[in-house]
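What follows draws every value from the coordinates through simple rules; no lab data is involved. All values reported here derive from a predicted model rather than from experimental measurement. Here Cβ is always computed from backbone atoms with ideal geometry, including for glycine, and neighbour counts include all displayed protein chains.
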Amino acid sequence: MTELENEFIRIFRDLRNFYTMGKKYGLSRNEFFIMKFLLKNGPQKLSTISQESDISPSFLTGITDQLIEKGYIERNRSKKDRRIVQISLTKKGEETIIAVQQDLIQYMRSKFNAFTEEEIQDLIRLLRKIP
């Protein structure tokens, strides 16, 4: 293997750790993504979440059921059209996903604290060149 391949393998291992940080809070990667999506976009229909996450509707239903059991999200029927059900974060869910994101920010800062701002911008520019 070349040095470049070795470095990419090392980085991908670190990224896997990055995405499993939610485990500290009892969250899978998919649960983390759904909660982060709801925090950013507010209440959503399952079909919208499914399209944005590339998670099949049937699998997504199972994930949302788990998040409801944990008290992180809730289902709400539309007052205008009772057929429409939206998923939203509970207060506990919002507090949890914010805490996870803060942990992730600290993690990323620890990885890049040796870089100057110019080096970070160079890295971003180089990464954007990768197709």
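If Lys and Arg each add +1 and Asp and Glu each add -1, what is the summed charge of the other residues whose beta carbon sits under 11 Å from the beta carbon of ARG83?
Spelling it out: positives minus negatives among the neighbours equals +3.
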- Message: Exceeding 27 Å between C-alpha atoms, which entries from my cross-link table qualify? They are LYS40/LYS70; LYS36/LYS111; LYS45/LYS129.
- Response: LYS45/LYS129
- Task: List the residues of the stretch 29-51 whose backbone N lies under 12 Å from a point placed 7 Å from the Cα of VAL85 along the Cα-to-Cβ direction.
- Result: 45-47
- Message: Through the Karplus equation 6.51 cos²θ - 1.76 cosθ + 1.60, θ set to phi - 60°, convert the phi angles of the stretch 107-117 into ³J(HN,Hα) values in whole Hz; use x for Gly and Pro.
- Response: 4, 5, 4, 5, 6, 10, 5, 7, 8, 7, 4
- Relative contact order, percent, the chain [alpha-carbon distance under 8 Å, six or more residues apart]: 22
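Round to the nearest 0.05 the FRET efficiency obtained for ILE130 and ASP14 when R0 = 25 Å and r is the Cβ-Cβ distance.
FRET efficiency, ILE130 to ASP14: 0.90.
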- Please report the orientation-averaged projected area of the chain, defined via the convex hull of its C-alpha atoms, in nm². 10.6
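Which ordering of TYR107, TYR72 is given by a fewest-first count of other beta-carbon atoms within 10 Å?
TYR107, TYR72
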